[in-house]
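The values are calculated or read from the model by the stated rules, or taken from the named source; none is laboratory data. Remember, it's a predicted structure, so these values are computed and weren't measured experimentally. Neighbour counts are summed over all protein chains in view; Cβ atoms, including those assigned to glycine, are modelled from backbone coordinates with ideal geometry.
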Amino acid sequence: MHQPGHHFVYGTLRDYLTGEELPDTDDERFRQQLARLLVEERGFAKKELEPRLAIETLFGTTFVRSLIDLTVSVNGQRLFVLRYGPGSLVTREKPAVAAARVLDATCCIPLAVVTNGQDAELLETHSGKVLASGMAAIPSRAQAAELLAAHPPRPPLTGPERERNLRVLNVFDLEICCRKERCG
């Protein structure tokens, strides 16, 4: 069955982390694989992963809901956001860094991961610098303390700096579908 627009929906699936019923799409299957990877191979506990957090922005008449696929915490401190999307990783870097900078009201999350399911990049969110590439760049639980020590969270953004990052999300995450219209 097709969903209006452009995503093929196979039915529903159960979320690996929450048990919630979700639309079964190719993209959601990749997201579920990433959650399994973080728990079963990288050693994070399910409770350390927050799925589907969102940041909502409105500039002019353009409302955008930016999805953060997974947010990973260690000892109560958010360590990184993970954003999945098919295609080029370079086009995903700026919005992932912006999301990490503004998602948490108490601090800037220090790291971001972008992945297309076949490749990945680990980014430091203060500078936006790529720290590592390849699927092995997705951190493990064993690396978490070292990563937090090397990249401590910074104070939350305020004023114009926060607004600039919210604008990045608003522009980069606006969905224009294959029909050259806004996606529903």
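Against the criterion of being surrounded by 12 or more Cβ atoms within 10 Å (Cβ to Cβ), within 18 Å of the chain's Cα centre (by Cα) and under 21 Å from residue 131 (Cα atoms), residue 29 does not qualify.
In this structure, is residue 78 crowded, with 22+ Cβ neighbours inside 10 Å, in contact with a strand residue (DSSP E or B) (Cβ under 9 Å, 6 or more places away or on another chain) and charged (D, E, K, R)? Considered against the rule, which asks whether it is crowded, with 22+ Cβ neighbours inside 10 Å, in contact with a strand residue (DSSP E or B) (Cβ under 9 Å, 6 or more places away or on another chain) and charged (D, E, K, R), residue 78 comes out as yes. Please verify whether residue 93 is buried (at least 17 other Cβ atoms within 10 Å of the Cβ), more than 14 Å from residue 170 (Cβ to Cβ) and modelled with pLDDT under 95, treating the condition exactly as stated. Answer is no for this residue.
State whether the residues of the range 100-109 include one that is out of contact with any Gly (no Cβ under 7 Å at 6 or more places or on another chain) and within 18 Å of residue 41 (Cα to Cα). No, because not a single residue in the range 100-109 is out of contact with any Gly (no Cβ under 7 Å at 6 or more places or on another chain) and within 18 Å of residue 41 (Cα to Cα). Screening the range 114-143 for residues that are of a type in the set (S, T, N, Q) and part of a strand (DSSP E or B) and picking the one that is farthest from residue 156 (Cα to Cα) gives 133.
Of all residues in the range 9-26, those being surrounded by 14 or more Cβ atoms within 10 Å (Cβ to Cβ), among the polar types (S, T, N, Q) and either modelled with pLDDT under 90 or farther than 22 Å from residue 118 by Cα (or both) number 1.
When the strands (runs of 3 or more DSSP E) confined to the range 2-83 are screened for residues that are acidic (Asp, Glu), those reaching at least 1 such residues are found at 21-23, 49-59, 62-74. Taking the criterion of being under 19 Å from residue 71 (Cβ atoms) and modelled with pLDDT of 95 or more, the residues of the range 117-131 that qualify are 120, 121, 122, 123, 124, 125, 126, 128, 131. Of all the residues in the range 108-130, those that are surrounded by fewer than 17 Cβ atoms within 10 Å (Cβ to Cβ) and within 18 Å of residue 73 (Cβ to Cβ) number 0. When residue 48 is tested against (1) touching a residue at least 60 places away in the same chain (Cβ under 8 Å); (2) under 24 Å from residue 172 (Cα atoms); (3) of a type in the set (D, E, K, R), only condition (2) is not met. Filtered by the rule that a residue be assigned to a loop (DSSP other than H, G, I, E, B), β-branched (Val, Ile, Thr) and within 23 Å of residue 39 (Cβ to Cβ), the range 84-113 gives a lone residue, 109.
Once the range 46-66 is narrowed to residues that are in contact with an Asp or Glu (Cβ under 8 Å, 6 or more places away or on another chain) and within 17 Å of residue 22 (Cβ to Cβ), the residue that is surrounded by the most Cβ atoms within 10 Å (Cβ to Cβ) is 51.
Checking 62, 71 one by one, the residue that is hydroxyl-bearing (Ser, Thr, Tyr), out of contact with any His (no Cβ under 6 Å at 6 or more places or on another chain) and under 22 Å from residue 31 (Cα atoms) is 71 and no other. Exactly one residue among 67, 58, 49, 34 is within 30 Å of residue 164 (Cβ to Cβ), among the aliphatic types (A, V, I, L, M) and in contact with a Phe, Trp or Tyr (Cβ under 7 Å, 6 or more places away or on another chain), and that residue is 34.
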